[in-house]
Structures are given as C-alpha cells and as structure tokens.
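Take a look at the structure set out below.
The values are calculated or read from the model by the stated rules, or taken from the named source; none is laboratory data. Values in this document were obtained by computation on a predicted structure and should not be read as measured data. Cβ sites come from the backbone with ideal geometry, for glycine too, and all protein chains shown count toward neighbours. Each accessible area value is taken on the protein alone, full model and side chains, heavy atoms only, with ligands, DNA and RNA left out. Shrake-Rupley method; radii C 1.70, N 1.55, O 1.52, S 1.80 Å.
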Amino acid sequence: MSSNPFGLDTIEGMRFPTFADIDGDGDYDIMAGVLGGIFSFLKNIGTASIPHFDAPQTNPFGLSSTNGLNIPAFADLDNDGDLDIMTTEYYGPFIYFMNTGTVDAPSYAPPQIDPFELVSTGNFSFITFGDLDGDGDDDLLTADYYGFYAGNFLYFKNTTPITALDEDLDGYYGSTDCDDTNPEIHPLAIEIPNNGIDEDCDGMDLITQTHDIAGKKMTIYPNPVSETLFVTTDLSTEILISIFDITGQLIYTQSGTDAIDVSNIPAGLYFIKVSTPTDQMNVVEKLFIVR
C-alpha cells in the first residue's frame, strides 16, 4: 500500500471518489464528492496503464453543489451513449445530473430530485449501478449509513424497456421524445412556425397567420393556442379584436394590439376578427383553442 500515488495529493475533509472515463479518452478519471456538496474532478493526464492525475477542478462541466454531502456514481441512465451522474445528499434524496453533452465533452443539465420514480431512502446513502438482473440495463443498489434503512442493501430494479433507447442522441427517449430519429426534435427544441413539424413535442406546430393588406402587415399567433394569443400589426391606428364562437356569438372583445389571455375560454373552434374603425383592415380567421 502506498499513500497518494499517481500524482494525487492529500485533501482535507471527507471525500467519496469514484472512477469513470469522464472525458472519453480511454482512461479512468476520478470524480469525488466532497463534504459541503461540491464535485471535485481529477483528470487522468497519464495513460490507462500509467495513470497520473491532474490538480482537482471544482464543479466542472456545469455541475452544481448539492446540500451538505455528495456521493456520486456514473451510469448511462438515458441510454444515449454517455455517462450521467446520480448522487445523494446528506439527508437522502437521489439527485440526477443528465449529461447533455457528448462522450468526450460532457455537460450536465440542472439537477433533478428523485427522478425515474425513485424514492429517497434515508441518510448518508451510498449508491452503485450494475445490470443485476441481466436484462441489459443498469439497476441501482444503495445502502444507508444510518436512518430507517441503516445497514441494509436496497435494490431498485430498472424496469425501463431496453427498447426505449435515445436513438438520435438528443438526450430524450421513449415517450418524452416525439421523434427519436431527429435530434432537432425534442421537448426543449425551438419551435419553427408554419412548417407542419412539432419540434418541441407539445402536440402541435406553431402557426402564425400573417396578412398583407394595402402594404400593412398583421400577424396572429400562435394558432392553435392554449393560454396567450398575440396580434401584431404595423398599422398606426387602433385595432379591435373580437372572438366569436361557432354560433356567431361574441364572447370576447379588446381594443389595441396586445396579448390576449384565452386561458379561461373553453377549448374548441372559434373565429377571431381583427378590424379597424375605418375598415382599412378587416380580417376573420379560424382560431383553435386547446388544452
């Protein structure tokens, strides 16, 4: 046994190290959780057979400190080919940092507490991952230092079908990704209006209706709408906005170009009319309100 091999230095306080090829260069690096909640990364600047560790970096790759304690473990939890982090705090919750970067350039999203239907177990929990039931995915095994489950092993079986892979490697898979063949389509994608594609997986394309009347433009968006409708125009005169139900009954009216709150209007088909006092502009469009 030797003290501080491979260029390592003594570090004060409790450290909980784990090994993983964090930067995808073929050798093992060290990520240590530190009392106080920080992540401490020691990059292997040697080789796989002759390791040598660089000076520690605090909270790299966009990571943020946890509360009081940090005991990290690595696994590809979203099946996209790179390493995510699961850790625990002093008082027990599971904390998930999804790697939204790549294998060799990791970048971690903001933490999620008790993801994947996990339930906090107790205090001072140590976790590790492995395919314990031989079904091709990583299960979780934990043990608590003290608390209700102190001294016991707790097994969390991964019940996600192995077919639920992130095929387009955009960080989303299964039912959360409405098109797993296109990395430009996922719940946080930027919606492109009027192209017939639901980029952000909210169930609809963003539609804007632009009218050009006598050289003046007027735009109604989004349509369908669930909460706030916008009407914009480059007219210098005031406009009147009216919403009618399918029987022709007026249910809403507003003067001026502004945001229109439709959250209290029941879902369904309506008509929106935008007009000016002099009828310089008089536009009627179908309006779909959804929930």
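In the set PHE19, PHE41, only one residue is in contact with a strand residue (DSSP E or B) (Cβ under 7 Å, 6 or more places away or on another chain), open to solvent by 70 Å² or more (accessible area, probe 1.4 Å) and of a type outside the set (D, E, K, R); that residue is PHE19.
Does the range 109-119 contain any residue that is at pLDDT 85 or above and open to solvent by 70 Å² or more (accessible area, probe 1.4 Å)? Checked the range 109-119: at least one residue is at pLDDT 85 or above and open to solvent by 70 Å² or more (accessible area, probe 1.4 Å). Taken together, the criteria exclude ILE251 from residues that are in a loop (DSSP other than H, G, I, E, B), closer than 28 Å to GLY203 by Cα and either open to solvent by 80 Å² or more (accessible area, probe 1.4 Å) or at pLDDT 85 or above (or both). When SER65, SER49 are checked against the criterion of being surrounded by fewer than 19 Cβ atoms within 10 Å (Cβ to Cβ) and within 23 Å of the chain's Cα centre (by Cα), a single residue qualifies: SER65. Among residues of the range 240-263 that are acidic (Asp, Glu), those with a beta-carbon under 9 Å from a residue that is open to solvent by less than 60 Å² (accessible area, probe 1.4 Å) and in a strand (DSSP E or B) at least six positions away or on a different chain give the pairs ASP245/GLY268; ASP245/TYR270; ASP258/VAL231; ASP258/ILE241; ASP261/THR228; ASP261/LEU229.
Results for (1) within 15 Å of MET218 (Cβ to Cβ); (2) within 38 Å of the chain's Cα centre (by Cα), shown as yes or no for each residue.
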position	(1), (2)
PHE230	yes, yes
LEU235	yes, no
THR247	no, no
GLN254	yes, yes
ILE265	no, yes
LEU269	no, yes
ILE272	yes, yes
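Taken over the range 25-36, residues that are buried (at least 16 other Cβ atoms within 10 Å of the Cβ) and in a loop (DSSP other than H, G, I, E, B) amount to 1. Listed by first and then second residue, the pairs with beta-carbon distance under 9 Å, at least 6 apart or on different chains, first residue in the range 91-107 and within 15 Å of ASP170 (Cβ to Cβ), second open to solvent by less than 20 Å² (accessible area, probe 1.4 Å) and aromatic (Phe, Trp, Tyr), are MET98/TYR108; ASN99/TYR108; THR100/TYR108; GLY101/TYR108.
If the condition is being under 25 Å from ASP104 (Cα atoms), at pLDDT 75 or above and surrounded by fewer than 16 Cβ atoms within 10 Å (Cβ to Cβ), then the range 163-220 contributes THR181, ASN182, GLU184, PRO187, LEU188.
Scanning the range 93-108 for residues that are among the small types (Gly, Ala, Ser) and either within 17 Å of the chain's Cα centre (by Cα) or surrounded by 14 or more Cβ atoms within 10 Å (Cβ to Cβ) (or both) yields GLY101, SER107. When residues in the range 121-132 are screened for being open to solvent by less than 60 Å² (accessible area, probe 1.4 Å) and more than 22 Å from ARG15 (Cα to Cα), 1 of them pass.
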